[in-house]
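One structure below.
The values are calculated or read from the model by the stated rules, or taken from the named source; none is laboratory data. Since this is a predicted model, take the numbers as computed values, not measurements. Here the Cβ is made from the backbone with ideal geometry for all residues, glycine too, and neighbour counts use every protein chain on show.
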Amino acid sequence: MSTDSPRYEYTIRRKILTFLGAKFHIYNDTGELIGFSRQKAFKLKEDIRVFTDESENAPLISIKARSIIDFSAAYDVVDEKTGNSLGALRRKGFSSILRDSWEVLNQNDEPVGRLAEDSMGMAMVRRFVPMGNLFPQKFSLIDGSGAEIANLRTHFNPFVHKMTVAINADSSIHQMVVLAAGILLVAIEGRQKS
């Protein structure tokens, strides 16, 4: 991704030691809280609501799984202010076993991008080598034209799972869909490690 073009940068933090669920905080590049969510534990069908702050009075977006348990799960991203779909994210089933891979869909369920973990080699190290999870995950979001429009990267911290999300200002994919991808990656990673 070109660092010459303007970018939006966000940080998603998930507290690891939260009892019966997880809390997510989303910060902009100045450190201002712009989003908050609670992930309930033991849910069969994911339904993540993101609010503007911890008061949970002003909903921002929702991320809802379309089915209960699905290897190629699809998650709808909805603007909670308008009720309009912003797009969807669909996990690429079998190919995500060894290397995380997702499709980004528009409001009509047409593929408009793909999100993939940095390399098969590093993905294998993270999954199968003892202490391999100490190596941060890196993801690239590529739009339909083949342009890299966002990077997502985890950071090692034993108490807080942290991911930075950098989105090109001219991204053809809605920023909230990219942030939803980051939230899902952090949420799913948290469930797989617990």
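Things to note:
- Matching residues, the range 53-67, being farther than 14 Å from Ser85 by Cβ and touching a Leu at 6+ places or on another chain (Cβ under 8 Å): Asp53, Glu54
- When we screen Phe42, Phe19 for residues that are at positive phi and modelled with pLDDT under 80, the only hit is Phe42.
- Taking first residues from the range 160-182 that are acidic (Asp, Glu) and partners that are not in a strand (DSSP E or B), the Cβ contacts under 9 Å between residues at least 6 apart in sequence or on separate chains come to Asp170/Ser5; Asp170/Pro6.
- Output for the range 26-47, where each listed residue is over 23 Å from Ala169 (Cα atoms) and of a type outside the set (A, V, I, L, M): Ser37, Arg38, Gln39, Lys40, Phe42, Lys43, Lys45, Glu46, Asp47
- Checking each residue in the range 46-75 for being of a type in the set (Val, Ile, Thr) and either touching a strand residue (DSSP E or B) at 6+ places or on another chain (Cβ under 6 Å) or surrounded by 13 or more Cβ atoms within 10 Å (Cβ to Cβ) (or both) picks out Ile48, Val50, Thr52, Ile61, Ile63.
- The set of residues in the range 64-89 that are in contact with a Ser or Thr (Cβ under 9 Å, 6 or more places away or on another chain) and either modelled with pLDDT of 95 or more or aromatic (Phe, Trp, Tyr) (or both) comprises Phe71, Asp76, Val77, Val78, Asp79, Glu80.
- Restricting Glu9, Glu56 to those that are at pLDDT 95 or above, under 18 Å from His155 (Cβ atoms) and of a type in the set (D, E, K, R) reduces the list to Glu9.
- Test: residue in the range 164-186 that is more than 13 Å from Gly87 (Cβ to Cβ), of a type in the set (Ser, Thr, Tyr) and at pLDDT below 90: no
- Residues that are within 24 Å of Thr30 (Cα to Cα), modelled with pLDDT of 75 or more and out of contact with any Cys (no Cβ under 8 Å at 6 or more places or on another chain) do occur in the range 118-136, at least one of them.
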